[in-house]
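The values are calculated or read from the model by the stated rules, or taken from the named source; none is laboratory data. Quantities reported herein were computed from a predicted structural model and do not represent experimental measurements. Don't worry about glycine lacking a Cβ; one is built from the backbone with ideal geometry, like all the others, and counts go over all protein chains shown.
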Amino acid sequence: MSVIVYTTPTCPYCDMAKQYLDQKGVKYESIDVSTDSARAQEMIDKSGQMGVPVLDINGKVIVGFDKGAIDAALGGATAAGETASEPAEEATAEETPAGETASPESGSTETAEA
């Protein structure tokens with residue numbers, strides 16, 4: 001399984017996405033697009049936008065922290081290979097709708113510098 005998380009150091013939703021993958025026992029490559037312009041361009045080419053987080057799970061691109069989309073892309077499997085029983089949830093204050101990466105404190109968006 002190939003999982004890439006495009007992130008920046010100041011993005012709270014990036015941290016939430018990585019913590020969620022950690023909780024599920026999913027190994028991933030974390031790419032800091034604020035320091036790697038080539039990988040930032042790769043992210044933009046894949047997602048069509050500059051906001052983070054962007055997750056690439058086996059070729060399925062997810063923009064923002066979306067537990068339901070992450071679970072679907074992972075095939076509902078947990079680290080032990082069991083099927084997750086928790087239904088997909090609507091976006092909460094901890095999740096960002098696709099394409100948005102609003103900071104919970106300021107309401108601003110997190111964008112990568114290309």
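Restricting the first member to segment 11-25 and to residues that are farther than 15 Å from A69 by Cα, and the second to residues that are small (G, A, S) and modelled with pLDDT under 95, the beta-carbon pairs closer than 6 Å and six or more apart or on different chains are G25/A79.
Applying the set (1) in contact with a Leu (Cβ under 8 Å, 6 or more places away or on another chain); (2) closer than 10 Å to V5 by Cα; (3) among the hydrophobic types (A, V, I, L, M, F, W, C); (4) not in a helix (DSSP H, G or I) to A17 leaves exactly one unmet item: (4). Counting only residues that are in contact with a strand residue (DSSP E or B) (Cβ under 8 Å, 6 or more places away or on another chain) and among the hydroxyl-bearing types (S, T, Y), which one in segment 19-78 is surrounded by the most Cβ atoms within 10 Å (Cβ to Cβ)? That would be S47.
Among the residues of segment 26-57, write down those that are closer than 22 Å to D71 by Cβ and among the hydrophobic types (A, V, I, L, M, F, W, C). V26, I31, M43, V52, V54, L55, I57 - these are the residues of segment 26-57 that are closer than 22 Å to D71 by Cβ and among the hydrophobic types (A, V, I, L, M, F, W, C).
Within segment 1-35, the set of residues being of a type in the set (A, V, I, L, M) and either under 11 Å from the mean Cα position of the chain (by Cα) or modelled with pLDDT of 95 or more (or both) comprises V3, I4, V5, M16, A17, L21, V26, I31, V33. Among the residues making up segment 48-78, those that are touching a residue at least 40 places away in the same chain (Cβ under 8 Å), assigned to a strand (DSSP E or B) and in contact with a Leu (Cβ under 9 Å, 6 or more places away or on another chain) are L55, I57.
I'd like the full set of residues that are closer than 18 Å to P9 by Cβ and small (G, A, S), limited to segment 39-77. Working first, answer last.
Within segment 39-77, the subset closer than 18 Å to P9 by Cβ is 39-40, 43, 50-55, 64-65.
Of everything in segment 39-77, those that are closer than 18 Å to P9 by Cβ and small (G, A, S) turn out to be A40, G51, G64.
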